[in-house]
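Below: the structure, in C-alpha cells.
The values are calculated or read from the model by the stated rules, or taken from the named source; none is laboratory data. Just so it is clear, the model here is predicted, and its values are computed rather than measured. Quick reminder, even Gly has a Cβ in these numbers, built from the backbone with ideal geometry, and neighbours come from all protein chains shown.
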Amino acid sequence: MAIEQDIVIAAATTDDQKLTLANVDPSFSEFTSTVDAFTIDKSQPRWFHYFLCGFKGVVEHCKIDKPSGLNVMLEGTVPKSSGLSSSSALVCCSGMTTARANNCSLSKKELAEVCTWCERYIGTEGGGMDQSISFLAEAGTAKLIEFNPLKATDVSLPAGVVFVISNSCVEANKAAFAHYNVRVVECRLAAQLIAKSKGLEWRKLRKLGDLQAALGVSLEEMGVVVDQLLHKDPYSRDEVCKELGVTAEELQETSLSQNTKDLTTFQLHDRAAHVYSEADRVFKFKAVCDEKPDDALAQLGQLMNASHASCRDLYNCSCAELDQLTQICIDAGALGSRLTGAGFGGCAVSLVPANKLQDFLKTVQSGFYDNSPTRSKRVAESLFATQPGDGATFFTL
C-alpha cells in the first residue's frame, strides 16, 4: 500500500531548455542544467539525481527530441533513506511531471514500468514494486502487485487495525552502497544455477519468478527445489563459474552488475529461500484478508513476524536497530512487525489494534526514541500511524 506521506512537485515549463531544480528544505542544494547536458552520479547520488532519472527515462521512452525546460520546486514528507521509497517516489514524481510537461500520454502502468527502469540510471536494480504502488495505489485499500504483465489487485484490510510506521533512524541509501544490488545478483545467480541444473536456457533467466514460471511449480515446491539444488554455504566465484560453465569474464557479462563485479562469494541458497517463502507469505496474507477467518488478525501478525525473521536470517537485510525496534513494537502490543523497504536500516511497519494505538505509540516512543538524543529529536517524523493512501496524481493551476 502507499502511505499518506508524499512528495510534491510544483513545476512550470520554460522555453529556454533549462532545468532548475530546487527544494523547500534548504539543506538540499539547488541544481541547474540544460535538458541535455547533465550527468547522473552513481557514486555519490544527491536528491536531484533521482529527478534526473525520471526526466531522462521519460524523454528517452517517449523519444522527445526537444524536451521543455522546467522550473521545479520540491517538498517531501517521506523520510529519506528510511525504507519508505522516498527515492522511488521522487523518480515517479519526476517521470509524471516530465511526461505532462511534454504532452506525452502515458498510462500509470506505463509510467510505473518506465520509472522502474530509469532508476537504474543511478545504479539501483529495483524490481518495480515501489514504482508500481506509487502510481497504482488507491485510498482505503492495499494492493497485491504482480508482474509480467503488471497487475494490481485490491486487498481489503481487516477493520479495527492500523499500520504504524517507526523509523530506526539508520539511513540506508540503496543507490550509494552495493548491498541492495548484491542481493539482486545473488538471486539472479541462484536462478541461473537452478536453471542450468534443470536443463533450461539459463542465460535468459535473470529472476527467480521467471524460473518458477519456467518450471511450472508452486512457491512451496520451489522451496524444495532450492533445498535440493543449492547448498547453504556461500559459493565462491570459481564455483559459480564451474557450475555455469563460464569464465570469470563471461560471468561478469551475463550476471553481475557494475558495483558487484568484484564480489568473490555469493550466498545463493538463503537468498532464494527467502524470496520464495516471502512470496508465499504475500499470497497467504491476501488469502487471510479475503477469507476473514475469526483469527485473521493473529494470522496476519504471524505472517509479518515470519517475514521479518526471514529478512533478518535468510536475506540478511535487517540491522541491530531494526531488530530491536520490531521487538519493542511487538512487546508494545503490535500483532506483527517487520522491516519495510530495501532494509539495512530505515523503517519497521507494525499491525496495531486501533483501540490500543495511543498506548502503543507512547510505549514505542519511550522504549526506542526517548533513550537516544538523536532519535528523540526525530520522533515526530519517525513514529506515526497511517492508512492506505492514493497513488500519484497531478493538479493544473
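Note on the range 77-92: among residues that are in contact with a strand residue (DSSP E or B) (Cβ under 9 Å, 6 or more places away or on another chain) and within 17 Å of F55 (Cβ to Cβ), the one that is modelled with the highest pLDDT is C92. Scanning the range 276-298 for residues that are charged (D, E, K, R) and either without any contact (Cβ under 8 Å) to a residue 40 or more places away in the chain or farther than 21 Å from E220 by Cα (or both) returns E278, R281, K284, E291, K292, D294, D295. Of all residues in the range 250-260, those being surrounded by fewer than 13 Cβ atoms within 10 Å (Cβ to Cβ) and either within 23 Å of the chain's Cα centre (by Cα) or under 17 Å from Y235 (Cα atoms) (or both) number 1. Apart from one condition, F395 fits all of (1) part of a loop (DSSP other than H, G, I, E, B); (2) in contact (Cβ under 8 Å) with a residue 60 or more places away in the chain; (3) not polar (S, T, N, Q); the exception is (2).
Residues of the range 199-214 that are farther than 16 Å from R188 by Cβ and assigned to a helix (DSSP H, G or I): none at all.
Please verify whether the range 38-50 includes one or more residues that are buried (at least 22 other Cβ atoms within 10 Å of the Cβ), free of Cβ contacts under 8 Å to residues at least 40 places away in the same chain and not in a loop (DSSP other than H, G, I, E, B). Within the range 38-50, one or more residues are buried (at least 22 other Cβ atoms within 10 Å of the Cβ), free of Cβ contacts under 8 Å to residues at least 40 places away in the same chain and not in a loop (DSSP other than H, G, I, E, B). The single condition among (1) in a strand (DSSP E or B); (2) closer than 29 Å to N259 by Cβ; (3) among the polar types (S, T, N, Q) that N71 does not satisfy is (2). For the range 215-235, the candidate set comprises residues that are part of a helix (DSSP H, G or I) and more than 25 Å from the chain's Cα centre (by Cα); within that set, the residue that is nearest to K284 (Cα to Cα) is E221. Is it fair to say D238 is free of Cβ contacts under 8 Å to residues at least 12 places away in the same chain, assigned to a helix (DSSP H, G or I) and over 16 Å from H179 (Cα atoms)? Against the criterion (free of Cβ contacts under 8 Å to residues at least 12 places away in the same chain, assigned to a helix (DSSP H, G or I) and over 16 Å from H179 (Cα atoms)), D238 qualifies.
Looking at the range 300-346, which of the residues that are of a type in the set (G, A, S) and within 13 Å of V364 (Cβ to Cβ) is surrounded by the fewest Cβ atoms within 10 Å (Cβ to Cβ)?
G333
When G209, G199, G140, G126 are checked against the criterion of being under 23 Å from M304 (Cα atoms) and in the same structural domain as K232 (by TED's automatic domain parsing), a single residue qualifies: G209.
Just checking, does the range 74-94 include any residue being in contact with a helix residue (DSSP H, G or I) (Cβ under 7 Å, 6 or more places away or on another chain), in a loop (DSSP other than H, G, I, E, B), surrounded by 21 or more Cβ atoms within 10 Å (Cβ to Cβ) and not assigned by TED's automatic domain parsing to the domain that holds G346? Yes, the range 74-94 has at least one match.
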